[in-house]
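The values are calculated or read from the model by the stated rules, or taken from the named source; none is laboratory data. Worth saying up front: this structure is predicted, and the values here are computed from it rather than measured. Here the Cβ is made from the backbone with ideal geometry for all residues, glycine too, and neighbour counts use every protein chain on show.
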Amino acid sequence: MRLLEIAAKACAVLAGVLLTVITLMTCVSVVGRNTVGWTIVGDFELSGSAAGAAIALFLPWCQWRRGNIIVDFFTARAGATAQAALDRFGALVLAVCMGLLTWRTTIGGFNAWRSQSGSMMLGFPEWVVYCFMVPPIALTALIALVQALRRQAGAPTAA
């Protein structure tokens, strides 16, 4: 479990760095455009690609912390055992969904690589974004699966 936590944290840190770079690039582009008429060509393409990768990179940490949406309004009066069982079931459903998403994103990445598709302005290869998305989505699936299979009701994930 400790290895999963470290990997999830590393993904979150990488996502934070990626978003910081996007922010700085956007600031430079906007300030340059409004002051000296110079801009970074394709900044919106790079921002979109990096944002997609950053979202995927945040998913493992979110699942590790059990920060994904949990609708406990309907189960507030249920016992601790029932809530734990429902939480494990929800984690299992998420693991299956993330597993399917990993599979389909991998296929999409291979297709983007084979076709050499790229962004309109820069020709930035789309397969690179998939390379940043597939591992954290797979890690999210693994974390959710481990959480679903844990036997201790209400046990913290960091154990």
Test: residue in the stretch 57-67 that is in contact with a Leu (Cβ under 6 Å, 6 or more places away or on another chain) and in a helix (DSSP H, G or I) = yes
Answer with yes or no whether D72 is of a type in the set (D, E), crowded, with 16+ Cβ neighbours inside 10 Å and more than 21 Å from E126 (Cα to Cα).
-> no
For the stretch 112-120, does any single residue satisfy the condition of being closer than 20 Å to A54 by Cα, modelled with pLDDT under 95 and not in a helix (DSSP H, G or I)?
-> yes
What is the residue count in the stretch 121-133 for residues that are outside any loop (DSSP other than H, G, I, E, B) and in contact with a Leu (Cβ under 9 Å, 6 or more places away or on another chain)?
-> 2
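For (1) in a helix (DSSP H, G or I); (2) modelled with pLDDT of 95 or more; (3) of a type outside the set (K, R); (4) more than 30 Å from R66 (Cα to Cα), each residue gets a yes or a no:
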| position | (1), (2), (3), (4) |
| --- | --- |
| E5 | yes, yes, yes, no |
| A8 | yes, yes, yes, no |
| A12 | yes, yes, yes, no |
| G16 | yes, yes, yes, no |
| T20 | yes, yes, yes, no |
| V30 | yes, no, yes, yes |
| N34 | yes, no, yes, yes |
| W38 | no, no, yes, yes |
| E45 | yes, no, yes, yes |
Which residues, counting only those in the stretch 88-116, are more than 20 Å from the chain's Cα centre (by Cα) and surrounded by 13 or more Cβ atoms within 10 Å (Cβ to Cβ)?
-> R88, N111, W113
State which residue pairs qualify: first residue farther than 21 Å from V128 by Cα and without any contact (Cβ under 8 Å) to a residue 12 or more places away in the chain and inside the stretch 9-32, second residue charged (D, E, K, R) and surrounded by 13 or more Cβ atoms within 10 Å (Cβ to Cβ) in any location, beta carbons under 9 Å apart, and separation of 6 or more residues or different chains.
-> V30/D43
Just need a number here: residues in the stretch 132-149 that are crowded, with 16+ Cβ neighbours inside 10 Å and more than 14 Å from L4 (Cα to Cα).
-> 4
In the set G42, G52, which member is surrounded by 14 or more Cβ atoms within 10 Å (Cβ to Cβ), out of contact with any strand residue (DSSP E or B) (no Cβ under 7 Å at 6 or more places or on another chain), over 18 Å from A8 (Cα atoms) and in contact (Cβ under 8 Å) with a residue 40 or more places away in the chain?
-> G42
Among all residue pairs at least 6 apart or on different chains, which show Cβ distances below 7 Å where the first residue, located in the stretch 75-90, is in a loop (DSSP other than H, G, I, E, B) and the second is surrounded by 14 or more Cβ atoms within 10 Å (Cβ to Cβ) and not aliphatic (A, V, I, L, M)?
-> T75/Q83
Of everything in the stretch 17-54 that's among the hydroxyl-bearing types (S, T, Y) and out of contact with any helix residue (DSSP H, G or I) (no Cβ under 7 Å at 6 or more places or on another chain), which residue is farthest from T140 (Cα to Cα)?
-> T35
Under the condition of being at pLDDT below 95 and in contact with a Ser or Thr (Cβ under 7 Å, 6 or more places away or on another chain), which residue from the stretch 134-157 is farthest from L94 (Cα to Cα)?
-> A153
